[in-house]
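Every number in this text was worked out from the coordinates using simple rules, so none of it is lab data. Please read all numbers here as calculations on a predicted model, not as lab measurements. Cβ placement follows ideal geometry from the backbone for every residue including glycine, while neighbour counts extend to all protein chains displayed.
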Amino acid sequence: METATANFDIQLTTKSRINEFDANNIVFGTQFTDHMLIADCIDGEWQTPKILPYGEIAYNPAIASLHYGQSIFEGMKAFKGQNGEINMFRPLENFKRFNISADRMCMAQVPEEIFIGGLEELLRIDAAWVPEGEDNSLYLRPFMFASDVYLGVRPSQNYRFMVIMAPAGKYYATPPKVKVETEYIRAAEGGVGYAKCAGNYASSLYPAKLAAAQGYTQLLWTDAKEHKYFEESGTMNVMFVIDGKLVTPQTSTTILKGITRDSLLQLARSKGIEVEERRVSVEEVIAGIQSGKVTEIFGAGTAVVISPFAAIGYEGSDYVLPEITEKSVASQLKKTLDEIRQGKIEDTFGWVWTVK
Ligand SMILES: *Cc1c(COP(=O)(O)O)cnc(C)c1O
């Protein structure tokens, strides 16, 4: 696995904050590593990327992204391997998806040597921040926003690509109760659901707030036309175990193509578990929970890997799922995926990218 190398302007911090970091007490998203990457695309030309001490940066208040939302991101993780090496998980998939999101939002394409090369450079410099420990990782956040100083609505000429990194520990403590959303939508055909663009997350906050007031920690999105078919859950893909088969909605323009989703499907197939990518109706799932055919529902994404649901709420009633055990499909898949990500078992899929 080789990526052409870009030159980086590197300015190292004189005051590392690594001593303030406690790997046993990580509060996700609040603490960032010592350095960050900034690369500017000016009139279509990528400038030499810079690695700088993490910190605040000044902006002109008229930059386009603040007003019209040309802003995209990725979410990835790096892990400490068994021999102290640093591994990323399928980073080329994030790189490709980033440029698919960029394309949909009329933004500049980021070259591989800046995206992958930048992550590698940053990880080498901030290697001490990749935490050891079972459920620990370093969350990597590449993002890009329009930086034209102009208040007209048009695609920006200038973009800023950045990477920041934040230590991550274990996610949800208890399985969430999830509400089937039948009024608001996350995405509609022809829209931007398949892009990891900032606006998708802003628009999900209001329905999530209403659901929270009703006691639900997460949403299960349904299709925009009929509210009959499942799409995703919160910011994760959703999977069902129906009659022992792993079933998930097929990807479309309204569903984000998760790398965890793809990895779990490949893993399931390799374990001899039957996989179906198809439409899954709310009706089928509710009836299936009641008859015992639907044994598991879980969200899948980089942040959590797998988040099994305790119950789903639909039109005012809660439908409780059986408790997850070690034998559950979710537990088996999560265990294997974790072991591959952490370099504990052989990576027969070629998913682990070791930083040189
Ligand atoms: C990021 C994201 C996912 C999960 O994708 P992964 O590549 O598995 O992390 C699923 N749905 C939405 C809406 C997302 O933003």
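Just a few scattered comments:
- Helical content alone sets the calculated 222 nm signal of the chain at -7500 deg cm²/dmol, taking -39,500 (n - 2.57) per DSSP H segment of four or more residues and averaging over every residue.
- On full extension, the segment bounded by residue 54 and residue 13 gains 13.9 nm, given 0.36 nm per residue less the C-alpha separation.
- Between the amide H of residue 107 and any residue lying 5 or more places away or on another chain, no distance stays under 5 Å, with hydrogens modeled in the peptide plane.
- Averaging 1/r across all pairs of distinct Cα atoms in the range 141-204 and inverting the result yields a Kirkwood radius of 15.7 Å.
- Value of D in µm² per second that Stokes-Einstein yields for the range 194-238, Kirkwood Rh from Cα pairs, at 37 °C (0.692 mPa s): 291 µm²/s
- Take every Cα pair under 8 Å whose residues are at least 6 apart in sequence, average their separation, divide by the length of the range 9-170, and the relative contact order is 35 percent.
- For the range 346-356, backbone phi angles converted through the Karplus equation (6.51, -1.76, 1.60; θ = phi - 60°) give residue-by-residue couplings of 4, 8, 6, 8, x, 8, 8, 10, 8, 6, 7 Hz, Gly and Pro being listed as x.
- Across the range 134-150, computed HN-Hα scalar couplings (Karplus, 6.51 cos²θ - 1.76 cosθ + 1.60, θ = phi - 60°) run 2, 9, 9, 7, 10, 7, 10, 10, x, 8, 8, 9, 6, 10, 4, 8, 6 Hz from first to last residue, x flagging Gly and Pro.
- Simple Cβ-charge dipole of the range 1-50, Lys/Arg +1 and Asp/Glu -1, about Cα centre, in debye nearest 20: 240 debye
- Projecting the Cα atoms of 39, 55, 236 onto the dipole axis of the chain, where Lys and Arg carry +1 and Asp and Glu carry -1 at the beta carbon, places 236 farthest toward the positive end.
- Relative packing of peptides 219-226, 17-24 - highest average C-beta neighbours within 10 Å first: 219-226, 17-24
- Reported value for the range 9-170: 119 Å³ per residue, from the convex hull of its C-alpha atoms.
- Residue 157 paired with residue 31, simple spin-label distance in nm, labels 7 Å along Cα-to-beta-carbon: 4.4 nm
- Given R0 = 35 Å, the distance between the Cβ atoms of residue 291 and residue 134 translates into a calculated FRET efficiency of 0.45.
- Residues whose amide H lies under 5 Å from that of residue 35, counting only those 5 or more places away or on a different chain, are 54; hydrogens are built 1.01 Å from N in the peptide plane.
- Cβ-Cβ FRET estimate between residue 209 and residue 266, R0 fixed at 30 Å, reported to 0.05: 0.25
- Among 110-116, 185-191, sorting by the average number of other beta carbon atoms lying within 10 angstrom of each residue, highest first, gives 110-116, 185-191.
- Rg/Rg_globular for the chain, with Rg_globular taken as 2.2 N^0.38 Å and Rg from C-alpha atoms: 1.01
- Each Lys and Arg Cβ is given +1 and each Asp and Glu Cβ -1; about its Cα centre, the range 130-221 then shows a dipole of about 180 debye.
- For residue 354 and residue 250, a Förster radius of 30 Å and the Cβ-Cβ distance give a FRET efficiency of 0.35, rounded to the nearest 0.05.
- Value of relative contact order over the chain, rounded to a whole percent, pairs C-alpha under 8 Å and six or more apart: 18 percent
- Helical segments meeting 27 Å axial Cα length and Kyte-Doolittle 1.6 threshold in the chain (DSSP H): none
- Total charge dipole magnitude, the range 9-170, about the Cα centre, Cβ charges on Lys, Arg, Asp, Glu only, Debye to nearest 20: 360 debye
- Residue 76 long-range amide H proximity, modeled H, under 5 Å: 140
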